[in-house]
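All of the numbers you see were taken from the coordinates with simple rules; none came from a lab. Just so we're clear, the structure is a prediction, and the values are computed from it rather than from any experiment. Quick reminder, even Gly has a Cβ in these numbers, built from the backbone with ideal geometry, and neighbours come from all protein chains shown.
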Amino acid sequence: MSNQLDAAGVARLIHEAESALVFCHVSPDGDCIGSTLGMVHALKQMGKRAAAVKVDPIPRIYGFMPGVDSLYLPWDEVEGEWDLALILDCGDLERVGAALPIVKKARRSVNVDHHITNTGFGDDHYLDFTAAATGELVYMILRELGATIDVDVATCLYGAIAADTGGFKYDNSAPRTFRIAADLVEAGARPYEVASSIWENETMPRLALLSQALATLQVDPGGQVAWISVTREMLARTGAGEDDVEGLVNYARKVTGVEVGLLFREAPDGKVRVGLRSRRMVDVGAIAKGFGGGGHARAAGCGLATDIEDARSRVLSAVRAVI
């Protein structure tokens, strides 16, 4: 059975280890990327052998994070044995994707996460469902370690927290979130540069995709559910990439009166990926869990091995049953 740890407990394991692999989940988002890079920066400063492991490409909007081009190892290039596998921001172990066999190269695995749907995997786990982002948990671990939070670490962790709070506008932003963010700004993180890269960094293909996606926008007769769709044809027609789909689901939720916004996307693996967002009343994490996914009460996702019409029908039925 996995052991529950706190930040000090994880810090003790890291202190005793000489090497650590830090895993990023598939389809990496800002919290996952910033958390893994921030951790690896700090471990290297402490003289540890450390590397971040990824399967999928890093979206261009997170290119501002120091180390994004140098600290990641492709999963199939990891060699040798390692003391620790630190698995960050993953609701279940399968979220590391093709890198799953690499976790076994470590003598001990530690699961650090804030998703309420986390399965409690790993030899040890540090779960805090009140945290706005895994970046908060990494910050607290590093403080317990006595690690130096320099400008590189601060920029990565601030980016992680900013991304998972929507620029501090989601209701997961708590007093602790702002106190940690303030410490990171004092350490050198620049809020304007982070916000500019994440939210004010549109390409023409991305805007063309947005235009076509908004043309699919539909609102339920009751006015509380809205959804948009993105097909492989739309991506090909606009020249947009997979990471250009990120954030489009929020346009469905922005419609006045809508409680739940959905995005249905045809993925390269033939599945339909569904993004779910809610305002205040509906726990979309529970809905996503019913389809094998997970996430938070206000932001979640899942994948269905079916076509986009069937996925829409099934997920909309589940949402309507709750509303």
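Worth a mention:
- Ranked packing of 3-14, 103-114, most packed first, by mean Cβ within 10 Å: 103-114, 3-14
- Over the range 204-322: Kirkwood hydrodynamic radius from C-alpha pairwise inverse distances, Å: 14.0 Å
- Acute angle (nearest 10 degrees) that the helix 7-16 long axis makes with the longest principal axis of the chain, alpha-carbon atoms: 50 degrees
- Among 156, 24, sorting on how many other beta-carbon atoms sit within 10 Å of each Cβ, with the fewest leading, yields 24, 156.
- Close amide-amide hydrogen proximity is noted between residue 230 and 264, 265, 266, each under 5 Å apart and 5 or more residues distant or on a separate chain (H modeled in the peptide plane; Pro and chain starts excluded).
- Along the range 71-87 the Karplus relation, 6.51 cos²θ - 1.76 cosθ + 1.60 evaluated at θ = phi - 60°, assigns HN-Hα couplings of 8, 8, 10, x, 4, 7, 10, 6, 10, x, 9, 9, 6, 10, 10, 9, 10 Hz to successive residues, with x for each Gly and Pro.
- Cα centroid separation - the range 265-285 against the range 111-162, whole Å: 24 Å
- The angle between the Cα long axis of helix 308-322 and the longest principal axis of the Cα atoms of the chain comes to about 80 degrees, rounded to the nearest 10.
- Sorted by Cβ density within 10 Å, fewest first, the residues 75, 199: 199, 75
- Gyration tensor over alpha-carbon atoms, the range 2-63, equivalent ellipsoid semi-axes in Å: 23, 14, 10
- When Rg and the Kirkwood radius Rh are both evaluated on Cα atoms of the range 117-161, their ratio Rg/Rh stands at 1.02.
- Kirkwood estimate for the range 30-126, i.e. one over the average of 1/r between Cα atoms, Å: 13.8 Å
- Remark: relative contact order (the chain) = 14 percent; criterion is Cα-Cα distance under 8 angstrom and separation of 6 or more residues.
- Inter-centroid distance (Cα atoms) of the range 299-323 relative to the range 170-249, Å: 20 Å
- Angle between the chain longest axis and helix 134-145 axis [Cα atoms, degrees, rounded to 10]: 10 degrees
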